[in-house]
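For reference, the structure is listed below as structure tokens.
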Amino acid sequence: MCLAIPVKVKRRFDAETGLVDYLGNEMRVNLALLPDVKAGDYVIVHAGFAISHLDAQEARETLQLLREMAGDA
């Protein structure tokens with residue numbers, strides 16, 4: 001089982017790669033499966049690939065729930 005956490009795209013380098021903010025850490029990920037994603041968008045990343053696009057409200061709600069579950073809210 002894996003847990004998918006919303007991440008915010010900070011920068012798109014090219015058609016395939018970009019930089020995301022993953023809970024305060026920057027990670028380089030593959031964006032090839034989501035060609036329309038741009039900086040500021042939220043995505044779900046699995047195994048280094050962005051696999052789904054999220055709207056900002058849904059991403060914020062999910063992140064808040066995760067913080068509450070971790071006791072960080």
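The values are calculated or read from the model by the stated rules, or taken from the named source; none is laboratory data. These numbers come from a predicted model, not from an experiment. A quick note on method: Cβ atoms are made from the backbone with ideal geometry, for glycine too, and the neighbour counts reach across all protein chains shown.
The condition of being under 9 Å from the mean Cα position of the chain (by Cα) and touching a residue at least 24 places away in the same chain (Cβ under 8 Å) holds for only one of 20, 37, that being 20.
Every residue, every condition in (1) farther than 14 Å from residue 17 by Cβ; (2) part of a helix (DSSP H, G or I); (3) among the β-branched types (Val, Ile, Thr), yes or no:
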{"position": "32", "(1), (2), (3)": "no, no, no"}
{"position": "40", "(1), (2), (3)": "yes, no, no"}
{"position": "44", "(1), (2), (3)": "yes, no, yes"}
{"position": "51", "(1), (2), (3)": "yes, no, yes"}
{"position": "61", "(1), (2), (3)": "yes, yes, no"}
{"position": "64", "(1), (2), (3)": "yes, yes, no"}
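The residues in region 15-26 that are at pLDDT 95 or above and either assigned to a loop (DSSP other than H, G, I, E, B) or of a type outside the set (D, E, K, R) (or both) can be counted, and the count is 5.
Could you look through region 1-53, keep only residues that are under 19 Å from residue 65 (Cα atoms) and of a type in the set (Phe, Trp, Tyr), and pick out the one that is surrounded by the fewest Cβ atoms within 10 Å (Cβ to Cβ)? It comes out as 22.
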